[in-house]
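> After the structure tokens below, expect a handful of questions from me.
The values are calculated or read from the model by the stated rules, or taken from the named source; none is laboratory data. The structure displayed is predicted, hence computed values, not measured ones. Don't worry about glycine lacking a Cβ; one is built from the backbone with ideal geometry, like all the others, and counts go over all protein chains shown. Just the protein is used for accessible areas: all its heavy atoms, side chains included, with ligands, DNA and RNA removed. Shrake-Rupley method; radii C 1.70, N 1.55, O 1.52, S 1.80 Å.
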Amino acid sequence: MRISTAWLKDYLKLDIPADELAEKIERTAVEVDGVIRPDEGQKKVVVGHILTCDPHPDSDHLHVCSVDVGEDEPLQIVCGAPNVAAGQNVIVALPNSWIGNHTKIKKSKMRGVKSAGMICALDELGFDEKLVPKEVADGIFILPDDATPGDPVFGYLGMDDEIIDMSVTPNRGDMLSMNGTAHELAAIYDQTPTMPTVDLHEDESDDANDQLEVRVDADEHDVPMYKMRLIKNVTIKPSPLWLQIRIWNAGMRPINNVVDATNYVLMQYGQPLHAFDYDKLTNGHVNVRLAKAGEHLTTLDGEDRELLPTDLLICSDDTPICLAGTMGGLDTEVTAATTDIALEGAVFDAVKIRKTAHNHDLHSEASMRYERGIDHGMTETALNAAAAMIAELSGGTVANGVCVGRDEDVQPVTVQITLSKINHVLGTELSLDTVADIFKRLDFPTTLTGETYTVTVPSRRWDIHIPADLIEEVARLYGYDNLPATLPTGQPTIGKLNETQQIIRDSRKLMESAGLTQAISYSLTTEAKAKAFALHPSDVTKLDFPMSSERTTLRLSLVSGLLDDLAYNNARKEHNVALYEEGRVFYSQPEQVRPKEIEHIAGAITGSMVKKSWGVAEQPVDFYQIKGIVAGYLKSLALEAPVSYVATTAHPEMHPGRTANIFVGDQLVGFVGEIHPNTAKAYKVRETYVFELDLTALIALPKARQQYQPISKFPSITRDVAMLIDDTVTNADVVALINKKGGAHLQSVELFDVYNGSHVPSGKKSLAYTLTYRDQNATLVDDDVTAAFDKVLSALTEELGAEIR
Amino acid sequence: MSLQDRLTELRDQGLADIKSADVLKKVNQVKVDLLGKKGPITEVLRGMRDLAPEERPKVGAYANEVRDRLQNAIDQRREELEQAAVNKQLAAEKLDVTLPGREIPQGQPHVITQIITELEDLFMGMGYQIVDGDEVEEDYYNFERLNLPKDHPARDMQDTFYITKDVLLRTQTSADQPRSLENHDFSKGPLKVLSPGRVYRRDTDDATHSHQFHQIEGLVVDKHITMADLKGTLTLVANTLFGDQFDVRLRPSYFPFTEPSVEADVTCFNCNGKGCAICKQTGWIEVLGAGMVHPHVLEMSGIDPEVYGGFAFGLGPDRFAMLKYGVDDIRNFYLNDVRFLSQFYKKG
Ligand SMILES: [Zn+2]
């Protein structure tokens, strides 16, 4: 809503700079987007009187004008506008003037004829094309006859106005009008506003109700009020300049005297009005109803629209002529030929209008106001004001009486509140008088009984109906700056992370200390990527109406998003990337729309995690590096059951020979491995190693009970074993057997070498382990260890075919 | 030559030899030569047999003195030479300490996580619980229970991704607050919760819009919670994130779930309130929305608004990060360019 400060002065004594006023509005009422000064940056633009206007000798469309600009000598200016003529007062940009958006005008020659400046159209002075009246859109603007040559032009065009551009919140529809804004400022500055009065003369001899029959078929909820007036014998013409200025400074385009009058009253009262060409109505019949399926209406903008059953319609003898509260129909539009006007002033249901505006993508000044609500108490006044104004501007007469399709008994709302409640909520110690004064400034009639205020809220503030609304009025007018700043008191509470939150936080830190940087990727992706790398098979959750084909489906894994991140980095020549992500995946649940949200943690590494430096080569990442990261992480979770890694070919996106499922006990909690070369190609990444873990499951799994173990005072004895063994036998097989046969004192088995190079027969590999033996309670005897060790050796030979070396 | 004179001669000669010994080996040789079993001092002591008994103690004492003197000189010289050798070695071992060390790779938290963590810690310190709601929520909880019935015009402020007519991707983390209100046992004290998390809006991604971003919403409900408490709490948030020198001001605003509703601005950190392009010459930057919990919201959760009241606030870590670090494109937070992520070093 654009508020002209010049117009505001009709209401209030405001000797306040516009910026200060804007700041006050912002601090007390609604947000302000800025102050617009139409003449800002423009200089030396004056009224010129065209003395002579002759055709240019070398052009069929240019004219050479002699223009009086209030100086001793007239200026010679070449002008190409089709409507230029001698005797006009016009806008002249003098030589070295600045106009519009930083354009400098200099003396020039046009086809050999000197031109000292420029005769301007409105858009050349920075007017938005949408605001320029259509009749002057293709030519220069003609100023009034009484304009004085040489005077700056800005005052004549309302460009010296300062316009406050307010961004009105949905609850403050009252401020979408000059009247409402004036009431608000009156409260802020403690003034009594001068509100507009209506001076309506009805033609007693001409009864409107004899000629116009209005019927409302829609229910009272959808159409609480519907009234019309009839204005006869109008002459359609452009509005006077003062009105055009108010219209364009309010951000609307001047159309003609009738439409401009309705828009002027719309701006004044916030009441949308619609003028119909009375002669286009069938038999003077108007009815209001909901649309039926299949009906059509061509609106003012020339669009043929298929109507929806939620659209409220104005009809004439049941033929749609207007989308209620949104846009008029083309057939009944006021044109130059119109002589009689049927003028509508009505209230429509906010939700219905909102739907119509939304469904037809038709957002107008009228629909915006109906959606936020309007002052039901002012509808008839606004209708009368517009009728009077149309009659005055067009030479018409207002027929006697209002045609009422539906009327509404509008009663003010009464709200009670106590002073102590106000102070209790605000944390203040306001006095009875302070609060009473605020209600008085707001012009809310109030009575005080004890400490209870009974406040009568006028219909212009339909947003107020409960005590909390009054508290807001008191708070903002008292001033938020004046509130003290304290912290909640009362019973203390403990704030700490729960176990899940703590483990999630710890997990992030562990990943970071392992060298992985946290990524936050998109949860929404394509269906294919959403399904990729899923730990368990699941249906996906899809958006009903996505914005783009890239973001349609909620993810089932984090790895998929991390690969997108890697691809983004690779495309920017960043080839060493190590990322992890902690976040939700979304498993669908049978019979339920809402998926099950599970916390996962995943990582992806590519290139080298070691930075190339002097004396340090890059170390390409490999399976064992990512496995080491996972193993270190799982170790610090202190899970009770053992962690095991089982080779798997079950993940089609993963390398079939380099992927392991991860189990805790016998529960599958994730996987780790290299991505399949085909996956790498599809995601546009290089050789990449990933893991994905079900963090929710890990959090739920039992943790090892931690108990101090005395450190043995007795020395340990170690034995090394190296063996040649079939390639198909895994490390896990060997370790399991050693542990099984190791005896009571075997403490640990450590792999220290794996070799399958040239000195090993094909199909075989060499493995070497250190076995550590220790007795907690006594010094081990060497012979006992040897006996235990020999048992292991023979088991390895017999059960795994190992050749001990 | 008397034995004494002989000892004196041996002493002086020995001291000179020790002094001139320039390597450890020579020092050792001097020691063997002088103080060894076959050395001259032993020789002298052997010659004491021929002295008168009364002379013996005197010469003996002098001989011991000479021997100690020599031994001390040898020890000292040895230490000097050893130290010189160490010094020589150290000089040879000198490194260019400005060469880079072999760093152990370290990851770091995402800048948004840093901001969320900082605020979580601040609020836990004030007794708040952290609540993680679901990202896929019912329309009923995301909107209706927050006083936003279907067709409410304020729903236009939040374009929504729907899964079905009744299920959506939450547009605000306060979607979980009705549940917190319902489940809280007020006999155990006030409700104080902070809900950080991902939210979604039906927006086209560009420099200032993202279909996915984060929110932190706070809610406090008790028998006596005031708007002054809200103001104090918000001031603390601004001071924690931006610094103590920043002021907070409240402006009226509108949210369906609070009444009164306010928007909070902080002093522009770029110009310290003087006015600049970032703050559009106002000296203030809008950072969060807040208000006193609307009585309907309490009623819908079965809480008597005549007895209980509270405040709620919501802020965007993405926007905070953009303001605090001058990030000019919100998409940076979700593309995970390592050159972006690695710019924000901080505790996790
Ligand atoms: Zn600034």
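> For chain B, give the magnitude of the charge dipole about the Cα centre (Cβ charges: +1 Lys/Arg, -1 Asp/Glu; no others), in debye to the nearest 20.
2200
> Which lysines, if any, have their Cα less than 29 Å from the Cα of A:LYS280, not counting same-chain residues under 8 positions apart?
A:LYS130, A:LYS134, A:LYS227, A:LYS232, A:LYS237, A:LYS292, A:LYS352, A:LYS355
> Whose amide H sits under 5 Å from the amide H of B:ILE163, counting only residues 5 or more places off or on another chain, with H placed in the peptide plane?
Amide H to amide H, under 5 Å and 5 or more residues apart or across chains, B:ILE163 pairs with A:ASP544, B:LEU168, B:LEU169.
> Residues of A:797-805, mean number of Cβ from any other protein chain within 10 Å of their own Cβ, rounded to a whole number?
0
> Now, a different point. List the aspartates and glutamates whose alpha-carbon lies under 13 Å from that of B:LYS324, not counting same-chain residues fewer than 8 positions away?
Answer for B:LYS324, where 13 Å is the Cα cut-off: B:GLU286, listed by chain and number.
> Another question about this same structure. Let me confirm one metric for peptide B:124-137, namely the mean number of other chain beta-carbon atoms within 10 Å of its residues' beta-carbons.
5
> Moving on to the next point. Relative contact order of region B:139-240, please, whole-number percent, based on alpha carbon pairs below 8 angstrom and at least 6 residues apart.
24
> Using helices alone, I'd like the mean residue ellipticity at 222 nm for chain A: each DSSP H run of four-plus residues gives -39500 (n - 2.57), total over residue count, nearest 500.
-7500 deg cm²/dmol
> With all protein chains present and a 1.4 Å probe, how do B:SER174, A:SER716 order by accessible area, largest first?
A:SER716, B:SER174
> Compactness ratio of region A:413-481: Cα Rg over 2.2 N^0.38 Å, N = residue count?
Its radius of gyration relative to the 2.2 N^0.38 Å reference: 0.98.
> Once every Cα of region A:650-746 carries one equal point scatterer and solvent is ignored, give the base-10 log of I(q)/I(0) from the Debye formula at q = 0.11, 0.14, 0.22 Å⁻¹, two decimals.
-0.62, -0.89, -1.14
> How many Å³ per residue does the convex hull of the Cα positions in region A:202-406 occupy?
In region A:202-406, the Cα convex hull volume per residue is 103 Å³.
> In addition: On the protein heavy atoms, probe 1.4 angstrom, tell me the percent of accessible surface of chain A carried by carbon and sulfur.
50
> Also: Please compute, over every Cα-Cα pair in region A:499-700, the percentage with a separation greater than 21 angstrom.
Tail of the P(r) past 21 Å holds 51 percent of the pairs.
> Then there is this: Let's test the formula: R0 of 25 Å, r as the Cβ-Cβ distance of A:GLU429 and A:LEU487. What FRET efficiency results, to the nearest 0.05?
In this case the efficiency is close to 0.90.
> Another one. Starting from region B:163-268, pick out the trypsin sites (Lys or Arg not before Pro) whose DSSP state is loop and whose Cβ has at most 13 other Cβ atoms within 10 Å.
Passing sites in region B:163-268 are B:LYS165, B:LYS223.
> From the backbone phi of region A:42-56, what are the Karplus-calculated ³J(HN,Hα) couplings (6.51 cos²θ - 1.76 cosθ + 1.60, θ = phi - 60°) in whole Hz, Gly and Pro given as x?
Ordered by residue, 3J(HN,Hα) equals 9, 9, 6, 10, 10, 6, x, 10, 7, 7, 9, 8, 10, x, 5 Hz.
> Next up: When the Cα atoms of region A:512-623 are enclosed in a convex hull and the volume is divided per residue, what value in Å³ results?
Enclosed volume per residue, from the Cα hull, is 109 Å³.
> Over region B:3-92, with the other protein chains present, what is the accessible area per residue in square angstrom, probe 1.4 angstrom?
I get 68 Å² per residue for this part.
> Taking the Cα centre of region B:3-92 as origin and charging only Cβ (+1 Lys, Arg; -1 Asp, Glu), how large is the dipole, in debye to the nearest 20?
Its charge dipole is roughly 300 debye.
> Still on this model: With the full set of protein chains in place, find how many percent of the accessible area of region B:111-341 is carbon and sulfur; take the probe as 1.4 Å.
Percent of accessible area from carbon and sulfur atoms in region B:111-341: 48.
> Also, I was wondering about something else. Obtain the nm distance between the two label points defined at B:SER2 and A:ASN777 by a simple spin-label model: each point lies 7 Å from its Cα along the Cα-to-C-beta direction.
With each label placed 7 Å out from Cα toward Cβ, I get 8.0 nm.
> I've got another one for you. Net charge around A:ASP727, counting only other residues with Cβ within less than 14 Å of its Cβ (Lys, Arg = +1; Asp, Glu = -1)?
In short, -1.
> Which entries of A:LYS43/A:LYS114; A:LYS421/B:LYS192; A:LYS421/B:LYS231; A:LYS627/A:LYS765; B:LYS165/B:LYS223 show an alpha-carbon separation above 26 angstrom in the structure shown?
B:LYS165/B:LYS223
> Next question. Compute a Gaussian network model of chain B, connecting alpha carbons closer than 10 Å, and tell me which residue from B:ASP222, B:ASP247, B:ASP75 fluctuates the most.
Looking only at B:ASP222, B:ASP247, B:ASP75, the largest GNM fluctuation is found for B:ASP75.
> How do the peptides A:335-343, A:510-518 rank, highest first, by the average count of neighbouring beta carbon atoms within 10 Å per residue?
Listed from highest to lowest mean packing, they are A:510-518, A:335-343.
> Using the alpha-carbon centroid of each, what span in Å lies between region A:740-805 and region A:211-227?
Taking the Cα centre of region A:211-227 as reference, the centre of region A:740-805 is 97 Å away.
> Tell me the label-point distance for the pair A:LEU800, A:GLU306, using the 7 Å Cα-to-Cβ offset, in nm and rounded to one decimal.
7.4
> Also, quick follow-up: Report Rg(Cα)/(2.2 N^0.38 Å) for region A:590-703, keeping two decimals.
Cα Rg divided by the expected 2.2 N^0.38 Å: 1.20.
> Which one of A:VAL398, A:GLN244, B:SER180 is farthest out on the positive end of the charge dipole of the protein assembly as shown, using unit charges on Cβ (Lys, Arg +1; Asp, Glu -1) and the Cα centre as origin?
B:SER180
> Just going by the charge dipole of chain B, with Lys and Arg at +1 and Asp and Glu at -1 on Cβ, which of B:LEU10, B:HIS294, B:PHE246 is farthest out on the positive end?
Sorting the options by dipole projection puts first B:LEU10.
> Follow-up. Normalising by the residue count of chain A, find the relative contact order in percent from Cα pairs under 8 Å and 6+ residues apart.
8
> Give the A-B buried accessible area in Å², both sides summed, 1.4 Å probe, nearest 100.
About 7800 Å² of accessible surface is lost on pairing.
> What does the convex hull of the Cα atoms come to per residue for region A:717-804, in Å³?
In region A:717-804, the Cα convex hull volume per residue is 80 Å³.
> A:MET110's amide H: which non-local residues (gap 5+, or another chain) put their own amide H closer than 5 Å, with H modeled 1.01 Å from N in plane and none for Pro or chain starts?
Residues meeting the amide H criterion: A:SER115.
> For chain B, what value does the Rg/Rh ratio take when both radii are computed over Cα atoms and Rh is the Kirkwood radius, given to two decimals?
Using Cα coordinates only, the ratio equals 1.56.
> Can you tell me the length gained on complete extension of the stretch A:GLU20 to A:ASP128, counting 0.36 nm per residue apart and subtracting the Cα distance?
Length gained, A:GLU20 through A:ASP128: 36.3 nm.
> Oh, and also: For the protein assembly as shown, would you read off the P(r) tail past 61 Å as a percentage of all alpha carbon pairs?
More than 61 Å apart: 37 percent of the Cα pairs in the protein assembly as shown.
> Compute the separation of the alpha-carbon centres of region B:1-68 and region B:215-270 and state it in Å as a whole number.
The distance from the Cα centre of region B:1-68 to that of region B:215-270 comes to 93 Å.
> Compute the relative contact order of region B:111-341 as a whole-number percentage, counting only Cα pairs closer than 8 Å that sit 6 or more residues apart in sequence.
Across region B:111-341, relative contact order equals 20 percent.
> Any idea what the dipole of region A:499-700 comes to, in debye rounded to 20, about its Cα centre with Lys/Arg Cβ at +1 and Asp/Glu Cβ at -1?
Computed about the Cα centre, the dipole is about 560 debye.
> Of B:GLN89, A:SER549, A:TYR708, which is farthest on the positive side of the dipole of the protein assembly as shown, counting Cα position, with +1 on Lys and Arg Cβ, -1 on Asp and Glu Cβ, and the Cα centre as origin?
Of the listed residues, the answer is B:GLN89.
> At what distance in angstrom do the alpha carbon centres of region A:56-70 and region A:425-487 lie from each other?
Region A:56-70 and region A:425-487 have Cα centres spaced 65 Å from each other.
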